[in-house]
Amino acid sequence: MSAARSIARRVVLAVAGGLLVTGGAAALAAEPAVAGRLPAGVPTFATGTTWVDPGALDAWRAATWWPAAALAALAVTALLSAVLLVRQARTGTLRRLPLRHTGADLAGRALRDAVGERLRIVPGVARARVRVTGRPDDPVLRIALTLEDTARPADVLGSHVAAVLDEARVFLAPRPLPAEVRCRVRRGTPPRAR
């Protein structure tokens, strides 16, 4: 995911969260039991509060264009939400990876299992989890390694994991296969003194 897209998603989520928190606080402040306990400077919505000026409300009721505009805005919002939902669901694990030279497909699960098996036999690796994500034309390997407490991450990543990734990249050549590797060191049990 690009940095600009990540920033845009975070901004949209922050704005949506801010609106939800503000709306929830306003609804909570409208509750008489809560409103009576708030400090004097905090604005609350009393029982007789009008949200819209009655004259302005009559003017809106007389206009015939705003219901259509409101429905169109809701439809566009629902459509964009559905598109985002589908795109989020599609960014999960890839099922098929098209191979360029042969016109055949490689199962994402086969690539995941092969890379995982090769990584599990690397000296110093206690556990390896592999996922193939992204789009079919732009796959990404996401690898989570749990290393033994005696392993040196630089040694494991430097030679062994790089060799496994090079083997996997051969299958998808000339398409690049970027990899994101996260390492965690398993804590060993300290020896007990008797």
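The values are calculated or read from the model by the stated rules, or taken from the named source; none is laboratory data. From a predicted model like this one, the values you see are computed outputs, not experimental measurements. Because the Cβ atoms are built from the backbone with ideal geometry, glycine has one as well, and the counts that use them run over all protein chains shown. To get the accessible areas, we keep the full protein, side chains included, count just its heavy atoms, and leave off ligands, DNA and RNA. Shrake-Rupley method; radii C 1.70, N 1.55, O 1.52, S 1.80 Å.
General remarks:
- Surface/4 of the Cα convex hull for the stretch 104-194, nm²: 6.4
- Sum of -39500 (n - 2.57) over DSSP H runs of 4+, divided by residues of the chain (222 nm, nearest 500): -15000 deg cm²/dmol
- If R0 is 25 Å, the Cβ-Cβ spacing of D166 and A8 corresponds to a FRET efficiency of close to 0.15.
- Surface composition of the chain: carbon and sulfur atoms hold 62% of the protein heavy-atom accessible area at a 1.4 Å probe.
- For the chain, size of Cβ-based charge dipole, Lys and Arg +1, Asp and Glu -1, in debye: 960
- Amide H partners (placed H, <5 Å) of A126, local residues excluded: T146, L147, E148
- Under 5 Å between amide hydrogens, built in the peptide plane, is the criterion, and for C183 it picks out L145 among residues at least 5 positions away or on other chains.
- Solvent-accessible surface of the stretch 51-182, taken per residue with a 1.4 Å probe and all protein chains present: 67 Å².
- Screening the chain for whole DSSP H helices with an alpha carbon extent of at least 24 angstrom along the helix axis and a mean Kyte-Doolittle hydropathy of at least 0.0 yields 3-30, 66-90.
- Debye-sum result for the chain in log10 I(q)/I(0), which assumes one identical scatterer on each alpha carbon, at q = 0.18 Å⁻¹: -1.27
- Part-to-part distance (alpha-carbon centres) for the stretch 97-155 and the stretch 12-44, which is given in Å: 48
- Added length on full extension, which subtracts the Cα-Cα distance from 0.36 nm per residue, A73 to T150: 21.8 nm
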